[in-house]
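Below you'll find the structure, written out as structure tokens, and then a few comments.
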Amino acid sequence: MKSIIVGTAGHIDHGKTALVKALTGIDADRLEEEKRRGITIDLGFAHMELPAPNGETLRLGFVDVPGHERFVRNMLAGVGGIDLVLLVIAADEAIMPQTREHFDILQLLGVQHGITVLTKSDAVDSETLDVVRLEVEDFLRGTFLAHPVPIIAVSSLTGAGLDDLKRGIVAAAMKAQPRDTRAITRLPIDRVFTMKGFGTVVTGTLIAGTIRREQELELLPAGRRVRVRGIQVHGKVAEQAVAGQRTALNLSGVSTEDLARGMMLASPGVFKPVQQVDVQLKLLSSARRALKNRARVHFHAHSMETVAEVLLYGKNEDLTTAQAATTVDSGPAKQAGLFPGQEGFARVKLAQPALLLPGDRFIIRQFSPVVTIGGGVVLDAAPVPRMKGVDSFLQSLSNNAEQILIARTARRQHVGTTMAQLVAETGWTPEAIEKHLAQPLKERALVRLGTTLLHGPVLESLQSRLTRLIMDFHKRNPLVGGINKEELRAQVEMSPELFEAVAAMLVREKKIEVVGELVGLPGQGVVMKDEEAESKKQIEDAFALAGLQVPALNEVLAGLKVDRARAQKIVTLLLRDRVLVKVSDELIFHRIALESLRRLIAAFRAKSARIDVAAFKEMTGVTRKYAIPLLEYLDRERVTRRVGDAREIL
């Protein structure tokens, strides 16, 4: 069963609600004030089923919108999720201001399917109806409702033309692309209320995915988890709702005070609300003035509305003095702006966080007076601050899925991106992303390193930079076996995980060697001059001959031919190779002396399982100056364990 959302649009009192009732038998005006005043104020909903030519059944959900100019914001809250539109024009009034504004909104939102309906056909004669039809054809020329899309005259009062309209709706609905039921779930909330015996209920048009009873969802932007206790689709209890259906959800874990129109329910733990997005923006030709850079506007997307600031990108023209003179309230000359009828890239900063994804359509309305002036499509809901070449990047997002994934990974340079980030940024499922990654990974346009994806050229650049840094270190430090890993990572500003992955790849390719915490080039050992090699032997001999009563390091270094800096590097090398062992801040011992000490302790254990300081001094012949640090060293090495004033020999 194909589910399609049908929206109405048109001027006030042109018979939208009466038409929906004539088609479905449901009065979409639910508010007492609407019935008293005879006008639609808020969104109304109805439903029906029609047989399709292929034997299937079409499940149609209707969203009836208000036509009064004061309630355009309510209209915008419902029209975002429609698949096809009934553009309603009264035959006795023809095209009116809200006809034009509503139709502008439909085109900016990218609606592709619909029917033009001439209502109140019983109120005019056939000649007048023909004149109105010609006027409407001229108005629609070049748009998605232009010929051969039918213009159907009906009378909700007599029923004339309704069967033709139903056939037209079926034909248009069959052309509409069904929404993806396997996508990550998103449901914009357009109504919140309490139902006796059930509790908190929300309604909305499910724009992606599937919702099942007892499923957990996340309420955004609040970030709160809720549970679906019950589901209704078209007024009937259901086990699940799928994309393209009007849906009512009975929620637990939340009250009506926590909910509002404009919030969104989504699969938990996937998305994060955002406060800035990069967009492609079009200013309507009917806009009365240019849109200045940093202008404040009313921003509408799905069922949400907020104030926003628009920062224009790219080579937007400047308002010259001549243009300023002919543009209402254009401000001072040379003020950068987007002119009526123009398109451009922009960053939109939202006053309140919202869940937006690439491909989401939006409308902007002038801050004051509040009229619709433009709209567009979200290109990037995770923009990088101060990104170079942002125009080129945004342009690349119109490419195929593979190129989009490459572009999104490449812009993060040496940081790379993860599957979770790609899902959150695109709204695509992990399965879809993996499918689109196959070719870029095969061609090494992208490379997978652990859980991180890196742009192929960036990886090559990082590898070259790492090896160059190591080579430079070797040149500057011939007495050191390699650069410390953490020091190297800090220089390239990589995450620990990514650094380890890149380093491991270079090790496998035998381009670098990692020994402990030092990174060096293969075959690039320590290179010593004659005096340095002689000094190394002097240091090693001094500590080897001293046994356990070692001299102070400063005394040993003072007798060398090399300068102190090179001498210290030689000591570091000996410590790294464990020829010398640092027991305390002041004391360094030769490994042979410490190995002999271990044998002495082992021999002593044959006589006693414990040894105190006095016995240790007597056994080794050292003073307390050496005894205490050596015993603490043996404790650290788990040769002994301190028990009171003595040591247990392990």
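The values are calculated or read from the model by the stated rules, or taken from the named source; none is laboratory data. The shown structure was predicted, so the numbers you read here are calculated from the model rather than taken from an experiment. Positions of Cβ are backbone-derived with ideal geometry, glycine not excepted, and every protein chain shown enters the neighbour counts.
What residue, among those in segment 158-176 that are without any contact (Cβ under 8 Å) to a residue 40 or more places away in the chain and in a loop (DSSP other than H, G, I, E, B), is surrounded by the fewest Cβ atoms within 10 Å (Cβ to Cβ)? Break it down stepwise before answering.
So in segment 158-176, the residues without any contact (Cβ under 8 Å) to a residue 40 or more places away in the chain come out as 158, 160, 163-164, 167, 171.
Those still in the list that are in a loop (DSSP other than H, G, I, E, B) too: 158, 160.
Details: T158: 11, A160: 13.
Restricting to residues being without any contact (Cβ under 8 Å) to a residue 40 or more places away in the chain and in a loop (DSSP other than H, G, I, E, B), the top hit is T158.
Would you confirm whether any residue within segment 47-60 is out of contact with any Cys (no Cβ under 6 Å at 6 or more places or on another chain), crowded, with 24+ Cβ neighbours inside 10 Å, of a type in the set (G, A, S) and at pLDDT below 95?
Going through segment 47-60, the residues out of contact with any Cys (no Cβ under 6 Å at 6 or more places or on another chain) turn out to be 47-60.
Those still in the list that are crowded, with 24+ Cβ neighbours inside 10 Å too: 60.
Narrowing further to those that are of a type in the set (G, A, S): none.
Checked segment 47-60: no residue is out of contact with any Cys (no Cβ under 6 Å at 6 or more places or on another chain), crowded, with 24+ Cβ neighbours inside 10 Å, of a type in the set (G, A, S) and at pLDDT below 95.
Tally up the residues in segment 572-592 that are in contact with a helix residue (DSSP H, G or I) (Cβ under 7 Å, 6 or more places away or on another chain) and either within 20 Å of Y626 (Cα to Cα) or in a loop (DSSP other than H, G, I, E, B) (or both), please. So that I can check it myself, show each step before the final result.
Filtering segment 572-592 down to residues in contact with a helix residue (DSSP H, G or I) (Cβ under 7 Å, 6 or more places away or on another chain) leaves 574, 578-584, 587-590, 592.
Next, from what is left, pick out any that are either within 20 Å of Y626 (Cα to Cα) or in a loop (DSSP other than H, G, I, E, B) (or both): 578-584, 587-590, 592.
Residues that pass the stated criteria total 12.
Could you tell me how many of the residues in segment 368-387 are assigned to a loop (DSSP other than H, G, I, E, B), more than 18 Å from the chain's Cα centre (by Cα) and either assigned by TED's automatic domain parsing to the domain that holds D83 or surrounded by 15 or more Cβ atoms within 10 Å (Cβ to Cβ) (or both)? Can you show your working first?
So in segment 368-387, the residues assigned to a loop (DSSP other than H, G, I, E, B) come out as 368-371, 381-387.
Within this subset, residues satisfying the condition of being more than 18 Å from the chain's Cα centre (by Cα) are 368-371.
If we keep only those that are either assigned by TED's automatic domain parsing to the domain that holds D83 or surrounded by 15 or more Cβ atoms within 10 Å (Cβ to Cβ) (or both) too, we end up with 371.
The number of residues fulfilling the criteria is 1.
Could you tell me whether V415 is modelled with pLDDT under 95 and either crowded, with 18+ Cβ neighbours inside 10 Å or over 27 Å from I207 (Cα atoms) (or both)? Reasoning before the result, please.
Values: modelled with pLDDT under 95: yes; either crowded, with 18+ Cβ neighbours inside 10 Å or over 27 Å from I207 (Cα atoms) (or both): yes.
Against the criterion (modelled with pLDDT under 95 and either crowded, with 18+ Cβ neighbours inside 10 Å or over 27 Å from I207 (Cα atoms) (or both)), V415 qualifies.
Report whether or not I601 is in a strand (DSSP E or B) and surrounded by 12 or more Cβ atoms within 10 Å (Cβ to Cβ). Quick ask: steps written out before the conclusion?
On the way: in a strand (DSSP E or B): no; surrounded by 12 or more Cβ atoms within 10 Å (Cβ to Cβ): yes.
Considered against the rule, which asks whether it is in a strand (DSSP E or B) and surrounded by 12 or more Cβ atoms within 10 Å (Cβ to Cβ), I601 comes out as no.
Within segment 177-202, which residues are crowded, with 20+ Cβ neighbours inside 10 Å and not hydrophobic (A, V, I, L, M, F, W, C)?
R179, T185, R186, P188, D190, T200 - these are the residues of segment 177-202 that are crowded, with 20+ Cβ neighbours inside 10 Å and not hydrophobic (A, V, I, L, M, F, W, C).
Name the helices (runs of 4 or more DSSP H) wholly within segment 70-154 that hold at least 1 residues that are farther than 26 Å from G374 by Cβ? Write out each step before concluding.
Working: elements: 72-79, 97-108, 126-140.
The helices (runs of 4 or more DSSP H) meeting that bar are 126-140.
Which count do you get for residues in segment 614-627 that are surrounded by 15 or more Cβ atoms within 10 Å (Cβ to Cβ) and outside any loop (DSSP other than H, G, I, E, B)?
Step one: of segment 614-627, the residues surrounded by 15 or more Cβ atoms within 10 Å (Cβ to Cβ) are 615-617, 619-620, 622, 626-627.
Okay, now just the ones that are also outside any loop (DSSP other than H, G, I, E, B), so 615-617, 619-620, 626-627.
Count: 7.
So how many residues does segment 209-224 have that are of a type in the set (G, A, S) and on the phi > 0 side of the Ramachandran plot? Before the answer, list the steps.
Narrowing segment 209-224 to residues of a type in the set (G, A, S): 209, 222-223.
Adding the requirement that they be on the phi > 0 side of the Ramachandran plot leaves 209, 223.
Residues meeting the conditions: 2.
Filter segment 431-448 for residues that are surrounded by fewer than 18 Cβ atoms within 10 Å (Cβ to Cβ) and not in a helix (DSSP H, G or I) and give the result.
The answer is E443, R444, R448.
For segment 257-313, which positions are touching a residue at least 12 places away in the same chain (Cβ under 8 Å) and among the acidic types (D, E)?
First pass over segment 257-313, keeping only residues touching a residue at least 12 places away in the same chain (Cβ under 8 Å): 258-313.
Once the filter is applied, which keeps residues that are touching a residue at least 12 places away in the same chain (Cβ under 8 Å) and among the acidic types (D, E), segment 257-313 yields D258, D278, E305, E309.
Applying the selection to segment 73-98, what residues are surrounded by fewer than 24 Cβ atoms within 10 Å (Cβ to Cβ) and of a type in the set (V, I, T)?
Within segment 73-98, I95 is the sole residue that qualifies.
Specify which of the listed residues (L355, L394, L319) is at pLDDT below 95 and touching a Phe, Trp or Tyr at 6+ places or on another chain (Cβ under 6 Å). If you could, list the steps in order and put the result at the bottom.
Numbers: L355 fails: at pLDDT below 95; L319 fails: touching a Phe, Trp or Tyr at 6+ places or on another chain (Cβ under 6 Å).
Criteria check complete, one pass: L394.
For a quick check of your reading: which strands (runs of 3 or more DSSP E) sit entirely within segment 207-312 and have at least 1 residues that are within 18 Å of A424 (Cβ to Cβ)?
Working: elements: 210-212, 216-220, 224-233, 236-238, 240-242, 246-252, 264-266, 274-283, 295-301, 304-312.
So the answer is 216-220, 224-233, 264-266, 274-283, 295-301.
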